[in-house]
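J.: What follows is a single structure, and I will ask about it in a moment.
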Amino acid sequence: MTISITRRAGIGGALSLLAAPDVRANTYPSQQVRLVVGFPPGGGTDALARAILERFREKLGGAVIVDNKPGAGSNLAHEYVAKLGGDGHTLLISSNAQALFPLLIARLNYDPDKDFAPVGFIARQDSVLVGSANAPWPDAKAIVAAAKADPGKVQFGTAGLTTPMHLAGEQFGMLNGVKLTHVPFRGTGPLVTDLLGGHLQLGVSSLTSVQPHFASGKIKAYALAAEKRSELSPEIPTFRELGLGPVEGTIVYTLIVPAATPQDIVRKINGALNDTVRAPDMSEDLRKRGFVAMGGTPEALGEWLTKQRPLWGPVLQAAGIKPE
């Protein structure tokens, strides 16, 4: 049977469309890839980006640079990336904050649910409830008892408003029916300084920021705000273990891209990410830097993100935090 030239062209075009994803993935990246960080150089997110940069570049098979776009707790970086086309050459290191922005910012110029596609988990940092050397409470249950006896008198400090550590402290109070007074600091450094000096008796901090002071007794750990004990400090019990509720304060670092990014490219980026963070030597390097390597599928990250707003909405409401 003879096929007309027109029909042949149509069949050829259809076949080329079917083959397009493979061709596209094989030629990606075709230009420099930017790994956008929503914080200034020197912070935790920037440190994580630069720690994985060389290996990620190798696994992705192209040039990758870190592009810092700080401002508004990384909201400006999210807004910037959300408005870009989805060719896979601009990636964003995000976190728990992505799902919470609608609860914190009254006017968002993008939709954090619809304007991004999940790629995968990078790493996490657990948070811990700690006390200064002169803190009067022998354990976390004693803190609850003191807060019940004198509502609002017990203060806890964190690195800032609406950070995972702040939310963990508020959740601790909410789950145990007590009112704690939050004292926000401008970063973890000043928080730890005041704990060491005894000017502040209670705080919620990233584990790695306070862990070096445990052995000397200058800072004592009460409870880990995580689902399970940390391999970095396995001696610290979780709030769950202590019967104080499922308090969560884990800082989760994720990788996302504009929603229009083709799924075959998302899969390729995800494969490079997993090959990077799950390599034994990289996992160990991240551990020394205070991170626990994660990895995982885009689907797993998507499911995790959908649970964050329902989880933290009631906590923010109980704390009186409204969108501004």
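J.: Restrict the check to segment 273-280 and report whether at least one residue is free of Cβ contacts under 8 Å to residues at least 40 places away in the same chain, surrounded by fewer than 21 Cβ atoms within 10 Å (Cβ to Cβ) and part of a helix (DSSP H, G or I).
T.: Yes, segment 273-280 has at least one match.
J.: Considering only residues of segment 69-96 that are farther than 15 Å from A260 by Cβ and touching a residue at least 60 places away in the same chain (Cβ under 8 Å), which is farthest from the chain's Cα centre (by Cα)?
T.: G73
J.: Considering only segment 243-256, I want to know if a residue exists there that is farther than 30 Å from D139 by Cα, of a type in the set (S, T, N, Q) and buried (at least 18 other Cβ atoms within 10 Å of the Cβ).
T.: yes
J.: Pick from segment 150-180 the residues that are part of a strand (DSSP E or B) and at pLDDT 95 or above: which of them is farthest from R309 (Cα to Cα)?
T.: Filtering first and then ranking leaves Q155.
J.: Limited to segment 183-198, what total is found for residues that are crowded, with 17+ Cβ neighbours inside 10 Å and under 24 Å from the mean Cα position of the chain (by Cα)?
T.: So the answer is 4.
J.: Quick check: is even one residue across segment 137-146 acidic (D, E) and touching a strand residue (DSSP E or B) at 6+ places or on another chain (Cβ under 8 Å)?
T.: Looking for residues that are acidic (D, E) and touching a strand residue (DSSP E or B) at 6+ places or on another chain (Cβ under 8 Å), one finds at least one in segment 137-146, hence yes.
J.: Counting just the residues of segment 95-140 that are at pLDDT below 95 and among the polar types (S, T, N, Q), which one comes out surrounded by the most Cβ atoms within 10 Å (Cβ to Cβ)?
T.: Looking at the filtered set, the residue picked out is S127.
J.: Taking H213 as meeting all but one of (1) on the phi > 0 side of the Ramachandran plot; (2) without any contact (Cβ under 8 Å) to a residue 40 or more places away in the chain, write down the number of the exception.
T.: (1)
J.: Restricting to segment 289-319, and then to whatever is assigned to a loop (DSSP other than H, G, I, E, B) and not small (G, A, S), can you tell me which residue is surrounded by the most Cβ atoms within 10 Å (Cβ to Cβ)? Spell out how you get there, then give the answer.
T.: Step one: list which residues in segment 289-319 are assigned to a loop (DSSP other than H, G, I, E, B), which gives 289-291, 294-297, 319.
If we keep only those that are not small (G, A, S) as well, we get 289, 291, 294, 297.
Details: R289: 15, F291: 25, M294: 21, T297: 15.
Residue satisfying both the conditions and the ranking: F291.
J.: Being without any contact (Cβ under 8 Å) to a residue 60 or more places away in the chain and at negative phi: is that true of D264 here?
T.: When the stated conditions are applied, D264 does not pass them.
J.: Among (1) assigned by TED's automatic domain parsing to the domain that holds E284; (2) among the hydroxyl-bearing types (S, T, Y); (3) touching a residue at least 40 places away in the same chain (Cβ under 8 Å), which single condition is Y110 missing?
T.: Y110 satisfies every listed condition except (3).
The values are calculated or read from the model by the stated rules, or taken from the named source; none is laboratory data. Keep in mind that this is a model prediction, so the values were computed, not measured. Every residue, glycine as well, gets a Cβ built from its backbone with ideal geometry; the counts of neighbours run over all protein chains shown.
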